[in-house]
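The values are calculated or read from the model by the stated rules, or taken from the named source; none is laboratory data. If you're wondering where the values come from, they're calculated on a predicted model, not measured in any experiment. Counting neighbours? That spans all protein chains shown, and the Cβs are built from the backbone with ideal geometry, glycine included.
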Amino acid sequence: MEIEHKETRTGRRKRRFRFGRFFFLILLLSVVGMATFSVLQYREGSNLAGENGASEDEDFTGDTKDPKYMHIENILLIGVDDDGSGKSRSDTMIVASWNKDNDTVKLISFMRDIYADIPRYESYKLNTAYYLDGVQLLKDTLTGMFGIPIHHYALIDFDNFETLIDIAAPNGVEVNVEKEMSEKIGVTLMPGTQQLSGKELLGYARFRADQEGDFGRVARQQKVIEALKEELLSPSSLPRIPKLAGAVNGYIQTDLTTGEEIRKVIEIMAGGGLEIDKMTVPVEGSYSFASYSHAGSVIELDLDQNKQAISKFIGMPLR
């Protein structure tokens, strides 16, 4: 795909990433840096990453917190699919908004086909921003369009997600599969409540070969996050936490330091738990479909209506 670049890129060394499509909010906030883990198991998990672990962190500048809303922290969770050439698109984009006052996390899933105003480039689908210039450009695109401040980021890929799930839940994660699924997901899933392995869970979250398309896929991703939360916070998962913590440290790319991750986990657990709410952008009744020769089929949305919905959802004004 030829893309017009309106300004010469400077200042950042290009790196090759192989990141898939998923969120791992629970892995980031509920597992990393657990204070009571076994050092040997932690090292075993960390060593699993080896050469397949996360690449060097990108240069990233998060937004400064508003003094009136210091209790709200927004983390951009990105899943990126490598097309084999070293260039990737962010097929999963979720902002996790953590309210420290009431111990809730609000997940805002952004549809990848949103027709986006990408700084320094022509308008394209939202998932093209990462393809063009990495995490910072995707962050700047979301902030510029929706006015939502983003303070941190995190990334993971397909293979790493599967490995982490199999460590966290060797007997599988319980999910009620609503229909038969097989097309383009690498596995065949039958209807009914099942214990899904890492590969099967990823396939379930990726499926979109039905009338719901990407809207249905985003809904399934949110459903999987809820199932992961239940699995990881269950007593039976405690013996696996050390190894999982080490693996997460090796597989996830983020601007957060280990010390910051430990502090966040302690704060959440001291508060007594984690409640998750979810929304999808665009919201119902705020969009239409269009097609452009340079971008293909896209979703055009009412920015004001979506900004108002996001602001109400996370409990803070947007820019």
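Here is a yes/no grid of residues against (1) modelled with pLDDT of 95 or more; (2) surrounded by fewer than 22 Cβ atoms within 10 Å (Cβ to Cβ); (3) out of contact with any Leu (no Cβ under 7 Å at 6 or more places or on another chain):
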site	(1), (2), (3)
Tyr130	no, no, no
Ile148	yes, no, no
Ser197	yes, yes, yes
Ala219	no, yes, yes
Ala227	no, yes, yes
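So if I check each of Ala290, Ala295, which one is among the small types (Gly, Ala, Ser), surrounded by fewer than 16 Cβ atoms within 10 Å (Cβ to Cβ) and at pLDDT 85 or above?
After ruling out the rest, the residue left standing is Ala290.
Kindly check whether there is at least one residue in region 37-50 that is at pLDDT 80 or above, in contact with a helix residue (DSSP H, G or I) (Cβ under 6 Å, 6 or more places away or on another chain) and outside any strand (DSSP E or B).
no
Looking at Leu137, Leu126, Leu107, Leu142, which is the one that is closer than 30 Å to Arg240 by Cα and either at pLDDT 90 or above or surrounded by fewer than 20 Cβ atoms within 10 Å (Cβ to Cβ) (or both)?
None of the other options fit; the residue is Leu107.
Quick check on my filter: what residues within region 172-182 are surrounded by fewer than 17 Cβ atoms within 10 Å (Cβ to Cβ) and in a strand (DSSP E or B)? Give the steps one after another, and end with the answer.
Narrowing region 172-182 to residues surrounded by fewer than 17 Cβ atoms within 10 Å (Cβ to Cβ): 172, 174, 176, 178-180, 182.
The answer is Glu174, Asn176.
Six or more apart or on different chains, Cβ under 6 Å: which pairs go from a residue in region 107-126 that's within 16 Å of Gly296 (Cα to Cα) to one that's assigned to a strand (DSSP E or B) and modelled with pLDDT under 95? Could you list them?
Arg112/Asp91
Considering only region 183-194, state which residues are surrounded by 13 or more Cβ atoms within 10 Å (Cβ to Cβ) and modelled with pLDDT of 90 or more.
Within region 183-194, Val187, Leu189, Gln194 qualify.
Could you list, in sequence order, the residues of region 305-319 that are out of contact with any Ser or Thr (no Cβ under 9 Å at 6 or more places or on another chain) and exposed (fewer than 15 other Cβ atoms within 10 Å of the Cβ)?
If the condition is that a residue be out of contact with any Ser or Thr (no Cβ under 9 Å at 6 or more places or on another chain) and exposed (fewer than 15 other Cβ atoms within 10 Å of the Cβ), then Gln308, Lys312 are the ones that fit.
Please enumerate the residues belonging to region 211-249 that are assigned to a loop (DSSP other than H, G, I, E, B) and touching a Gly at 6+ places or on another chain (Cβ under 6 Å).
none
Taking the options Glu174, Glu162, Glu183, Glu178, name whichever one is closer than 30 Å to Ile310 by Cβ and not hydrophobic (A, V, I, L, M, F, W, C).
After ruling out the rest, the residue left standing is Glu178.
In the set Ala205, Ala168, which member is closer than 22 Å to Met93 by Cβ, buried (at least 17 other Cβ atoms within 10 Å of the Cβ) and in contact with a Lys or Arg (Cβ under 9 Å, 6 or more places away or on another chain)?
Criteria check complete, one pass: Ala205.
Quick test for you: out of Ile94, Ile118, pick the one residue that is of a type in the set (A, V, I, L, M), modelled with pLDDT under 95 and within 30 Å of Ser288 (Cβ to Cβ).
Checking each option against the conditions leaves just Ile94.
Run down Arg89, Arg112 and say which single residue is assigned to a loop (DSSP other than H, G, I, E, B), under 14 Å from the mean Cα position of the chain (by Cα) and either among the basic types (Lys, Arg) or surrounded by fewer than 21 Cβ atoms within 10 Å (Cβ to Cβ) (or both).
The conditions single out Arg112.
List pairs: first residue in region 286-310 and among the aromatic types (Phe, Trp, Tyr), second residue in a strand (DSSP E or B) and surrounded by fewer than 18 Cβ atoms within 10 Å (Cβ to Cβ) anywhere in the structure, Cβ distance under 9 angstrom, at least six positions apart or on different chains.
The qualifying pairs are Tyr287/Glu300; Phe289/Ser297; Phe289/Glu300.
Which is in a helix (DSSP H, G or I), in contact with a Ser or Thr (Cβ under 8 Å, 6 or more places away or on another chain) and not acidic (Asp, Glu), of Ile165, Ile150?
Matching residue, one of Ile165, Ile150: Ile165.
Which of the numbered conditions does Asp81 fail, given that it passes all the others? Conditions: (1) within 15 Å of the chain's Cα centre (by Cα); (2) closer than 19 Å to Gly296 by Cβ; (3) not in a strand (DSSP E or B).
(3)
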